[in-house]
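Data block below; observations after.
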There are 2 protein chains.
Amino acid sequence: MNLELVTIGTELLLGFTVDTNGAEIARALSAIGVRIVRRTSVSDSPDAIRTAVRDALERTGAVLTTGGLGPTHDDISKKVVAELFGMPLDFDEEVWRNLVERFARLGRTPVASNRGQAEVPRGATLLRNRWGTAPGLWLEAPLGAEAGAPRGLVIMLPGVPGEMRKLVEHEVAPRLAERAAGAVVRSRLVRTTGIPESTLAERLGDVEREIAPLTLAYLPGLEGVDLRLSAWELRPEEADRRLTAAAALLRERGGEQVYGEGDADLAALVLDAARARGARLATAESCTGGIVGARLTEIPGSSDVYVGGVVCYSDELKTALLGVEPALIQAHGAVSEPVAVAMAAGAVERLGADATVSVTGIAGPAGGSEAKPVGTIWIGVAVDGRVEARHILLPRDRHDIRARAAQMALFFLLRRLRSGS
Amino acid sequence: MNLELVTIGTELLLGFTVDTNGAEIARALSAIGVRIVRRTSVSDSPDAIRTAVRDALERTGAVLTTGGLGPTHDDISKKVVAELFGMPLDFDEEVWRNLVERFARLGRTPVASNRGQAEVPRGATLLRNRWGTAPGLWLEAPLGAEAGAPRGLVIMLPGVPGEMRKLVEHEVAPRLAERAAGAVVRSRLVRTTGIPESTLAERLGDVEREIAPLTLAYLPGLEGVDLRLSAWELRPEEADRRLTAAAALLRERGGEQVYGEGDADLAALVLDAARARGARLATAESCTGGIVGARLTEIPGSSDVYVGGVVCYSDELKTALLGVEPALIQAHGAVSEPVAVAMAAGAVERLGADATVSVTGIAGPAGGSEAKPVGTIWIGVAVDGRVEARHILLPRDRHDIRARAAQMALFFLLRRLRSGS
């Protein structure tokens with residue numbers, strides 16, 4: 001089934017609140033086979049709410065709203081939708097009793113404005129909210145609707161994320177799953193790094209035709225280009241089977257730049273690969289300033305493999321902590337192949353590791369030259385005594401360059417750890 | 001002026017991508033007096049894009065879109081909008097030349113699919129994109145539009161957040177500001193750290209009544225509790241005057257836990273404070289694994305103050321790199337006051353710094369005990385020969401504990417650097 005989301009709240013239009021509710025609901029409902037065809041955010045004004053809900057009903061026949069069910073006077077969603085359907089509001093004693101009891105447990109007393117929360121459009125189904133004061137509503141027109149009123153389904157949920165989430169899980173998803181009847185929307189992510197989007201697209205060739213009816217989306221980010229495969233409105237078993245086959249095809253065509261699926265993290269893969277060969281890891285960072293170490297240690301249990309690292313931001317510390325010869329720096333510059341090699345080799349020796357990675361580069365905004373522009377990075381990798389360095393040139397600003405450099409450092413290290421030498 | 005946002009991308013409807021672009025654009029445009037009256041997200045399908053843009057033009061007369069300007073064939077926004085306006089697409093040699101040059105700088109060659117990025121709807125104004133390959137577009141119908149075509153303004157931006165942001169700032173906001181003229185919505189952020197939300201609220205007292213009609217929001221996060229002051233639909237001068245006064249009041253009441261305004265970053269403030277006293281900085285990290293170093297080096301120009309650091313994740317490296325006595329670790333444990341002190345002092349000596357900060361703690365999920373539960377952190381600070389350590393206990397999971405520990409390390413270091421001893 002198709003459905004539109006309408007999130008209500010002036011904050012959303014001012015941009016002070018990021019609409020995470022919308023994304024969360026979309027994920028939860030897609031997974032049970034409901035297709036979200038449009039999302040709209042409008043302010044707390046009656047006109048805006050009425051127009052958005054009415055248009056969505058006309059287009060799609062089913063709409064889920066969040067927000068505007070609270071006690072303050074900008075909470076008017078319920079009133080507007082009830083009017084639209086021609087449903088009068090009835091005061092519901094049980095909702096009121098629940099609210100009074102809930103307040104009592106928190107040592108509070110309801111105020112006059114809370115009474116409005118106990119009003120229910122006649123004919124609506126209450127979605128019980130055990131996590132807050134405003135129940136959700138399930139309105140299906142033309143249940144008692146006036147002639148000329150729109151037809152369709154309106155589901156109304158509070159905008160508080162914790163309450164919304166619980167109501168979707170316990171009340172909305174089970175009811176919608178029955179109607180969606182079997183077909184689901186499922187996705188799988190295949191992660192790549194170290195290859196530009198357009199080159200990747202060439203390499204994958206006419207894969208989109210081959211995997212149809214699955215669809216493929218390219219998602220470039222600081223960690224690389226992710227490939228999202230989606231199965232739309234298939235039976236669960238067929239969706240899974242096709243996704244598995246398509247992911248295998250992407251891995252095959254994508255080559256070694258494909259490093260994992262789902263939420264695969266290069267840092268975790270590096271730790272696994274080091275663990276598998278019994279290697280102790282260390283890092284030697286200049287321009288990334290600790291990002292590689294921070295990413296490795298973000299993974300629980302990293303301490304059994306990762307011994308530590310140095311952030312040798314100044315040239316003096318490259319010498320003092322890693323034994324890089326000052327003459328080498330003077331001859332080639334700190335951002336150079338010999339220095340990247342010396343840093344990685346020095347980390348093996350000084351930190352007592354079997355596998356190390358070094359990063360030295362120009363993150364900008366200052367420090368670039370014609371020969372070594374901003375974005376110039378050398379990455380050294382030492383594994384079991386063999387050291388080599390690779391050069392890359394990265395686009396954009398300091399933040400992006402550093403994040404991408406750290407990702408590439410992990411990628412080069414992973415390849416060496418996996419290649420067996 | 002009123003304007004609608006239309007964000008384009010099937011990903012947004014699946015909920016895999018949170019629509020941060022929408023929020024960011026809304027903030028930037030509200031600040032110059034443009035009122036965002038509706039936000040819509042639609043899939044990459046031509047029908048959905050056409051309907052959303054046409055409806056928005058009919059309702060509001062001005063629309064800003066993001067997404068669908070890239071090189072892959074789900075990037076169809078430009079084509080659809082040009083068709084809607086009856087504008088043919090012309091191949092633009094200059095856009096193409098810029099793209100080829102940009103690729104050349106990165107050592108890449110454009111492929112066939114990139115050529116579509118150089119097509120421009122006839123009569124559109126190009127919004128030059130120096131941060132990526134796809135220029136933004138400013139289309140104003142009925143410039144050469146067919147009879148019956150919709151009228152109004154369509155601004156099209158790429159969906160890549162970094163490019164979108166720059167184009168809004170440099171190309172879109174200045175053009176729209178001319179048309180907007182009038183009441184604005186403005187905000188100011190006052191940043192605090194090291195104080196819980198409820199304690200802060202008590203300290204601030206009845207400030208919300210005192211600052212009316214401005215409003216105050218508490219925004220707790222990993223860096224502390226931010227306080228957002230907002231002025232709603234005031235004239236620019238009055239908004240700024242009231243915001244300045246209210247921010248001063250918050251700083252006065254909030255005490256030393258208030259560390260800055262806006263996008264103030266403790267790492268930048270630490271660098272400034274060190275620079276002011278001519279101190280060279282170094283870091284010694286265990287449980288934060290490089291986060292403090294990464295935060296300091298994220299700031300451009302950090303290399304004139306920050307010399308580097310060590311990530312001594314293993315006990316052996318605490319000894320080898322910082323000279324922490326093994327007996328000390330054995331007697332007190334690696335997470336203890338004496339070890340934090342020895343790490344900070346060792347960093348002064350071994351890294352040749354005047355001011356250092358050390359962090360040792362239990363980030364979890366494993367490694368906690370009754371005496372030292374997960375979240376136990378010791379932070380050592382050495383400034384001009386005087387070393388001291390402080391204990392904190394942080395809530396939640398590994399990620400949060402590490403981020404908060406890094407923030408507190410910077411906070412303690414800043415206080416010492418500013419206090420003059």
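The values are calculated or read from the model by the stated rules, or taken from the named source; none is laboratory data. As the structure is a computational prediction, the values presented were derived from the model and not from experiment. Here the Cβ positions follow ideal geometry from the backbone for every residue, glycine too, while neighbour counts run over all protein chains shown.
Of note:
- Those residues of the range B:192-243 which are in contact (Cβ under 8 Å) with a residue 40 or more places away in the chain, closer than 21 Å to B:Ala406 by Cα and small (Gly, Ala, Ser), in sequence order: B:Gly194, B:Gly224
- Assessment of the range A:272-284 against the conditions (charged (D, E, K, R) and either closer than 19 Å to B:His399 by Cα or in a loop (DSSP other than H, G, I, E, B) (or both)) yields at least one matching residue.
- Residue within the range B:332-341 that is hydroxyl-bearing (Ser, Thr, Tyr) and over 20 Å from B:Met408 (Cβ atoms) present: no
- Residue count for the range B:1-18, restricted to those that are hydrophobic (A, V, I, L, M, F, W, C) and more than 8 Å from every other protein chain (Cβ to nearest Cβ): 5.
- A:Ala406 passes every criterion in (1) within 11 Å of chain B (Cβ to nearest Cβ); (2) of a type outside the set (Phe, Trp, Tyr); (3) touching a strand residue (DSSP E or B) at 6+ places or on another chain (Cβ under 9 Å); (4) farther than 27 Å from B:Arg108 by Cα apart from (4).
Okay, residues lined up against (1) crowded, with 20+ Cβ neighbours inside 10 Å; (2) assigned by TED's automatic domain parsing to the domain that holds B:Gly70:
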residue	(1), (2)
B:Val154	yes, yes
B:Glu163	yes, yes
B:Val168	yes, yes
B:Arg191	yes, no
B:Ala201	no, no
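- Of the residues making up the range A:91-112, those that are of a type outside the set (A, V, I, L, M, F, W, C), surrounded by fewer than 14 Cβ atoms within 10 Å (Cβ to Cβ) and outside any helix (DSSP H, G or I) are A:Gly107, A:Arg108, A:Thr109.
- Candidates A:Val381, A:Val339, A:Val374 - the one that is without any contact (Cβ under 8 Å) to a residue 60 or more places away in the chain and surrounded by fewer than 21 Cβ atoms within 10 Å (Cβ to Cβ): A:Val374
- Of all residues in the range A:178-201, those being part of a helix (DSSP H, G or I), more than 13 Å from A:Val225 (Cβ to Cβ) and touching a helix residue (DSSP H, G or I) at 6+ places or on another chain (Cβ under 9 Å) number 1.
- Verdict on B:Tyr306 being farther than 23 Å from A:Ser302 by Cα and facing another protein chain (nearest Cβ under 7 Å): yes
- Conditions (1) within 22 Å of the chain's Cα centre (by Cα); (2) part of a helix (DSSP H, G or I); number of the one not met by B:Thr288: (2)
- When residues of the range B:54-85 are limited to those that are hydroxyl-bearing (Ser, Thr, Tyr) and outside any helix (DSSP H, G or I), the one farthest from the chain's Cα centre (by Cα): B:Thr72
- Pairs where the first residue, in the range A:1-28, is farther than 30 Å from B:Gly262 by Cα and the second is of a type in the set (S, T, N, Q) and in a helix (DSSP H, G or I), C-beta under 8 Å, 6+ apart: A:Asn2/A:Thr60; A:Leu3/A:Thr60; A:Glu4/A:Thr60
- Qualifying residues in the range B:1-41 (those that are of a type in the set (A, V, I, L, M, F, W, C) and under 21 Å from A:Gly221 (Cα atoms)) - the one surrounded by the fewest Cβ atoms within 10 Å (Cβ to Cβ): B:Val18
- Yes/no for A:Ala282 being within 11 Å of another protein chain (Cβ to nearest Cβ), touching a residue at least 60 places away in the same chain (Cβ under 8 Å) and in contact with a strand residue (DSSP E or B) (Cβ under 8 Å, 6 or more places away or on another chain): yes
- Here B:Glu58, B:Glu94, B:Glu101 are screened, and the one residue that is out of contact with any helix residue (DSSP H, G or I) (no Cβ under 9 Å at 6 or more places or on another chain), without any contact (Cβ under 8 Å) to a residue 24 or more places away in the chain and assigned by TED's automatic domain parsing to the domain that holds B:Pro158 is B:Glu101.
- Of all residues in the range A:202-211, none are over 17 Å from the mean Cα position of the chain (by Cα) and assigned to a strand (DSSP E or B).
- Considering the conditions (1) within 14 Å of another protein chain (Cβ to nearest Cβ); (2) more than 30 Å from A:Leu200 (Cβ to Cβ); (3) β-branched (Val, Ile, Thr), A:Val339 is excluded by exactly one of them, (1).
- Of the residues making up the range A:112-140, those that are of a type in the set (A, V, I, L, M) and either under 16 Å from A:Ile49 (Cβ atoms) or modelled with pLDDT of 90 or more (or both) are A:Val120, A:Ala124, A:Leu126, A:Leu127, A:Ala134, A:Leu137, A:Leu139.
- Applying the criterion of being of a type in the set (S, T, N, Q) and at pLDDT below 90 to the residues of the range A:39-76, the residue that is farthest from B:Glu4 (Cα to Cα) is A:Thr72.
- Scan of the range B:68-116 for residues that are on the phi > 0 side of the Ramachandran plot and more than 13 Å from every other protein chain (Cβ to nearest Cβ), ordered by number: B:Gly86
- Hits in the range A:349-403 - residues which are of a type in the set (Lys, Arg) and within 12 Å of another protein chain (Cβ to nearest Cβ): A:Arg350, A:Arg396, A:Arg398, A:Arg402
- Filtered by the rule that a residue be outside any helix (DSSP H, G or I), among the β-branched types (Val, Ile, Thr) and within 8 Å of another protein chain (Cβ to nearest Cβ), the range B:19-53 gives B:Ile36, B:Val37, B:Thr40, B:Val42.
- Residues within the range B:316-328 that are facing another protein chain (nearest Cβ under 10 Å) and over 35 Å from the mean Cα position of the chain (by Cα), tallied: 2
- Some residue of the range A:329-338 being within 34 Å of the chain's Cα centre (by Cα), of a type in the set (Ser, Thr, Tyr) and closer than 21 Å to A:Pro373 by Cα: no
- Selection within the range B:388-411 - more than 15 Å from B:Arg295 (Cα to Cα) and crowded, with 19+ Cβ neighbours inside 10 Å: B:Ala389, B:Leu394, B:Arg398, B:Ile401
- B:Ala273 surrounded by fewer than 24 Cβ atoms within 10 Å (Cβ to Cβ), away from chain A (no Cβ under 14 Å) and either closer than 28 Å to B:Val190 by Cα or of a type in the set (Asp, Glu) (or both): yes
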